[in-house]
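Student: I'd like to ask some things about the structure below.
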Amino acid sequence: MHSHQMTTKPYAARRAALARQIGPDGVAIIPTAPERQRNRDSDFLYRHDSYFYYLTGFTEPNAWLILTGQGQSTLFCAPKDLEREIWDGYRLGPEAAPASLGVDEAFAVGELDLRLPRLLENKSAVWYPFATHKGLETRVDGWLSAVRSRVRFGALCPEQQRDLCGPLDEMRLVKDAHEQDVMRRAAQISAEAHVRAMQLSARMLREGKDVREYHLDAELLHEFRRQGSQYPAYGSIVAAGANACVLHYRADTAPVRDGELVLIDAGCELDGYASDITRTFPANGRFSGPQRALYDLVLASQDAAVAATRAGQRFNDPHDATVRVLAQGMLDLGLLDANQVGSLEDVIEKRAYFPFYMHRTGHWLGMDVHDCGSYVEPSQLGETSERKDPLSNELITNRPSRILRPGMVLTIEPGIYVRAGEGVPEQFHGIGIRIEDDAIVTESGCELITRGVPVDGDEIEALMRG
Ligand SMILES: [Mn+2]
């Protein structure tokens, strides 16, 4: 896709860092993703494996990276085949791979079974991603038994199998300069796509047209592709009116009505990296009073979360900050009745806000939209405490949540979802709002990389005016 023009430096640096972690007697096996059939002889659009791409920058299917703890890298890839390339497209091929990708050597993927046992010989541990590739364990078994059949000639067979996800997830959690740069560009493209979708909605309504969710979805896609993004990073949510209260709603055929809100949760993937933006805006470009009251509450809760996002804070801190602001707002706006639920502290303690705010305030973001990386602090794994969940009565084991470090990237996405129901003020019925931005953690705070599309209510109205 873009391997011919890429720099090999960041990938070589990551391979070297991983080699150090698996140790001189280790060897790692990293396959890319398989092609997947959609129906009959059509495949789904191909997407490489994120771990594999992280270490190679290579986007072709049918490829494997073998990395020794001494830093020797071997790539197996599809061989040049002019006839196949006429049908399926260009292949890099093993002859060109070392110069193009910076690996030490490369072979045709058909030689994998022949060569792999030799690469595993005399190593003490074989590393590969556990529970990630169907059938990989069985293939490793086969290669190990091939090594074992040679032990009487003096070969040593690895005695340990280790999960490569451990060290790789930790590495991927902190984004290097190259990754941050790609993520900033992905975020900017997505922001511009959101601006266009907002403007299209207002314009079509002004022109008296029949606006559907798919019109706005098409506008997003157009801008993603126009700016070189390969595809959406996840299924775009374009939810008109009360559809916004369905958390995993997808862009469908529902009409976008004058007077209602539209919630769009969509982001492009650029060169392997995701962006993830949610904006909620009035379809016609003007908030009603109740819409604006809830909108400003969610925005205030996001401000609080942003203020709680910096190196040294914990992953849960932005969520706790969000909940405090949202819970107070629910009391103030009459969504919660203090006579029934008690004080702010009671609302937080008993999770009484849950019917209107039922998800977490963020997640790691990277190559995968819900990116890898542990949410608990590795240095405090043993510090457990137990509490009873006030809603389910389940006993939950808590561990201290992750301490944020510069270069970690997370989303900050509070929301409020008001379904019609008894005791719920009617003016808020069917309103669903979420505001989501992507943040790179810095020493002193965080860098919001998605503010190319505004969040302020007045600014959104201004950009939607004709
Ligand atoms: Mn998200």
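The values are calculated or read from the model by the stated rules, or taken from the named source; none is laboratory data. Every value quoted in this text rests on a predicted model; they were computed, and no experiment measured them. Here the Cβ positions follow ideal geometry from the backbone for every residue, glycine too, while neighbour counts run over all protein chains shown.
Student: Counting only residues that are more than 14 Å from the chain's Cα centre (by Cα) and of a type in the set (A, V, I, L, M), which one in segment 256-273 is farthest from A244 (Cα to Cα)?
Tutor: Of segment 256-273, the ones more than 14 Å from the chain's Cα centre (by Cα) are 256-264.
If we keep only those that are of a type in the set (A, V, I, L, M) as well, we get 256, 261-264.
Values: V256: 12, L261: 8, V262: 7, L263: 6, I264: 9 Å.
For segment 256-273, the residue satisfying everything is V256.
Student: When you go through (1) among the acidic types (D, E); (2) loosely packed, with under 13 Cβ neighbours inside 10 Å; (3) within 16 Å of the ligand (Cβ to nearest atom) one by one for D371, which number turns out not to apply?
Tutor: (2)
Student: Could you grab me the full set of residues in segment 149-167 that are surrounded by fewer than 17 Cβ atoms within 10 Å (Cβ to Cβ) and either touching a strand residue (DSSP E or B) at 6+ places or on another chain (Cβ under 8 Å) or in a helix (DSSP H, G or I) (or both)? Spell out how you get there, then give the answer.
Tutor: At the first step, the residues of segment 149-167 found to be surrounded by fewer than 17 Cβ atoms within 10 Å (Cβ to Cβ) are 149-156, 159-161, 163, 166.
Listed by number, the residues that qualify are V151, R152, F153, E159, Q160, Q161, D163, G166.
Student: What pairs come up if the first residue lies in segment 341-362 and is more than 14 Å from P390 (Cα to Cα), the second is in a loop (DSSP other than H, G, I, E, B) and not β-branched (V, I, T), and their beta carbons are under 7 Å apart, counting only those six or more places apart or on different chains?
Tutor: Here the result reads F356/L335; H359/L247; T361/E413; T361/P414; G362/E413, each pair linking segment 341-362 to a residue that is in a loop (DSSP other than H, G, I, E, B) and not β-branched (V, I, T).
Student: OK, next. Considering only residues that are β-branched (V, I, T) and away from the ligand (no atom under 15 Å from the Cβ), which ones fall in segment 336-368? Spell out how you get there, then give the answer.
Tutor: Our first condition is that a residue be β-branched (V, I, T); within segment 336-368, this holds for 341, 347-348, 361.
Hits for segment 336-368 are V341, V347, I348.
Student: On to the next question. Having 3 or more residues that are within 22 Å of D458 (Cα to Cα) is the bar; report the strands (runs of 3 or more DSSP E) wholly within segment 212-288 that clear it.
Tutor: Numbers: elements: 237-240, 261-266, 268-270, 277-282.
Hits in segment 212-288: 237-240, 261-266, 277-282.
Student: Let me confirm something: among K80, K134, K123, which residue is basic (K, R) and within 23 Å of A12 (Cα to Cα)?
Tutor: On the way: K80 fails: within 23 Å of A12 (Cα to Cα); K134 fails: within 23 Å of A12 (Cα to Cα).
Of K80, K134, K123, the one residue that is basic (K, R) and within 23 Å of A12 (Cα to Cα) is K123.
Student: Given (1) more than 16 Å from the ligand (Cβ to nearest atom); (2) over 18 Å from S190 (Cβ atoms); (3) crowded, with 23+ Cβ neighbours inside 10 Å, where does L270 come up short, assuming only one miss?
Tutor: The single condition L270 does not satisfy is (2).
Student: On to the next question. Restricting to segment 397-424, name every residue that is away from the ligand (no atom under 16 Å from the Cβ), part of a strand (DSSP E or B), at pLDDT 95 or above and out of contact with any helix residue (DSSP H, G or I) (no Cβ under 6 Å at 6 or more places or on another chain).
Tutor: The one that is away from the ligand (no atom under 16 Å from the Cβ), part of a strand (DSSP E or B), at pLDDT 95 or above and out of contact with any helix residue (DSSP H, G or I) (no Cβ under 6 Å at 6 or more places or on another chain): I403.
Student: Restricting the search to segment 248-288, which residues are of a type in the set (D, E, K, R), closer than 30 Å to E60 by Cβ and at pLDDT 95 or above?
Tutor: Step one: filter segment 248-288 for residues of a type in the set (D, E, K, R), giving 250, 252, 257-258, 260, 265, 269, 271, 276, 279, 286.
If we keep only those that are closer than 30 Å to E60 by Cβ as well, we get 250, 269, 271, 276.
Hits for segment 248-288 are E269, D271, D276.
Student: Specify which of the listed residues (F76, F52) is among the aromatic types (F, W, Y) and either assigned to a strand (DSSP E or B) or not assigned by TED's automatic domain parsing to the domain that holds L144 (or both).
Tutor: On the way: F52 fails: either assigned to a strand (DSSP E or B) or not assigned by TED's automatic domain parsing to the domain that holds L144 (or both).
After ruling out the rest, the residue left standing is F76.
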